[in-house]
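Report on one structure; see the data block that follows.
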Amino acid sequence: MTASRPFTRRQALQNARFLDALARTGNARLAARLLGVHRSTYAKRRAKSPLFAAQWEMALAAAHARLHQEDGPTPAILPGTGRGTMRSMVEGA
């Protein structure tokens, strides 16, 4: 197995924003959509980078922990999607 090249500065910043959104939403598709990027961009990076994959898992764990807090987020429908999500998680409350 060959080592993958490091992310460019731009990609690293995109990844950081994605991981932040993922930690707030717990949903990769929604996190990517909030950033205006297709989910597959991050899925490909995850497949190539063990570090990014580990960070992805940590972000999901953080979202899961927030969801299960005693004062958890309020369920809501994300405008224009018709799908349920957690308003306070998306808004970063």
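The values are calculated or read from the model by the stated rules, or taken from the named source; none is laboratory data. Model, not experiment: these values are computed from the prediction. Virtual Cβ from ideal backbone geometry, glycine too; neighbours counted across all protein chains shown. The protein model used for the area step is the full one, side chains on, heavy atoms only, and it has no ligands, DNA or RNA in it. Shrake-Rupley method; radii C 1.70, N 1.55, O 1.52, S 1.80 Å.
What's the total number of residues in the range 9-52 that are in a helix (DSSP H, G or I) and in contact with a strand residue (DSSP E or B) (Cβ under 9 Å, 6 or more places away or on another chain)? Before the answer, list the steps.
Kept after step one, since they are in a helix (DSSP H, G or I), are these residues of the range 9-52: 9-25, 28-35, 39-48, 50-52.
Now restrict to residues that are in contact with a strand residue (DSSP E or B) (Cβ under 9 Å, 6 or more places away or on another chain): 24-25, 30.
Of the residues in the range 9-52, 3 are in a helix (DSSP H, G or I) and in contact with a strand residue (DSSP E or B) (Cβ under 9 Å, 6 or more places away or on another chain).
Let's see how each residue does on (1) surrounded by fewer than 12 Cβ atoms within 10 Å (Cβ to Cβ); (2) of a type in the set (Ser, Thr, Tyr); (3) on the phi > 0 side of the Ramachandran plot:
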site: ARG9; (1), (2), (3): yes, no, no
site: GLN14; (1), (2), (3): no, no, no
site: ARG29; (1), (2), (3): no, no, no
site: TYR42; (1), (2), (3): no, yes, no
site: ARG45; (1), (2), (3): no, no, no
site: GLN55; (1), (2), (3): no, no, no
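Considering every residue within the range 80-89, establish whether at least one is of a type in the set (A, V, I, L, M, F, W, C), modelled with pLDDT under 95, open to solvent by less than 40 Å² (accessible area, probe 1.4 Å) and assigned to a helix (DSSP H, G or I).
Initial filter on the range 80-89 (of a type in the set (A, V, I, L, M, F, W, C)): 86, 89.
Next cut, modelled with pLDDT under 95 only: 86, 89.
In the following step, the residues that additionally are open to solvent by less than 40 Å² (accessible area, probe 1.4 Å) were identified as 89.
Still in the list and also assigned to a helix (DSSP H, G or I): 89.
Yes, the range 80-89 contains a residue that is of a type in the set (A, V, I, L, M, F, W, C), modelled with pLDDT under 95, open to solvent by less than 40 Å² (accessible area, probe 1.4 Å) and assigned to a helix (DSSP H, G or I).
Right, THR25: modelled with pLDDT under 95, among the polar types (S, T, N, Q) and open to solvent by less than 50 Å² (accessible area, probe 1.4 Å) or not?
Yes: the conditions hold for THR25.
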